[in-house]
Amino acid sequence: MAECPKCQTPCEPDDRFCSQCGEHLAAPEFSEKEGRTQKALSLSDVHYNLGMVYFKKGEYHKALEYWEKGMRQDPGNEFLQRCIADLKEKMKSG
Ligand SMILES: [Zn+2]
């Protein structure tokens, strides 16, 4: 489960903005990564979004597939790494 870096309000992993303070949640890790091409950035983002579509439908294996694709596009993406870790936990507990 994600947390707002500013006010520590628990947020859904797919929330882009904090419902409490409006902080942009996904942005810091993406924007602070220098030396990454814009292409790699947007590709991992696309895969993240696709995975999230399946995640919401409860199709966790599909979601994992897309997020792992995203990881291959952007291997240092800790945000995506956390999403995958959470998802795997979810899949284990059913
Ligand atoms: Zn907040």
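Laboratory data are not the source of any read-out in this text; all were calculated from the coordinates shown. For clarity, every value in this text was computed on a predicted model and none was experimentally measured.
Miscellaneous remarks
- Extension gain, Val46 to Glu3, is 13.3 nm, computed as 0.36 nm per intervening residue step minus the present C-alpha separation.
- Taken one residue at a time, the phi angles of segment 64-76 give Karplus couplings (6.51, -1.76, 1.60, θ = phi - 60°) of 4, 4, 5, 5, 6, 4, x, 5, 6, 6, 9, x, x Hz. Gly and Pro are set to x.
- Amide H contacts of Ala2: Cys11, each under 5 Å away and 5 or more positions distant or on a separate chain (H built 1.01 Å from N in the peptide plane; Pro and chain starts excluded).
- Contour excess over end-to-end distance, with Cα ends at Asp15 and Glu65 and 0.36 nm allotted per residue: 16.0 nm
- Residues whose placed amide H lies under 5 Å from that of Phe17, excluding near-sequence neighbours: Leu25
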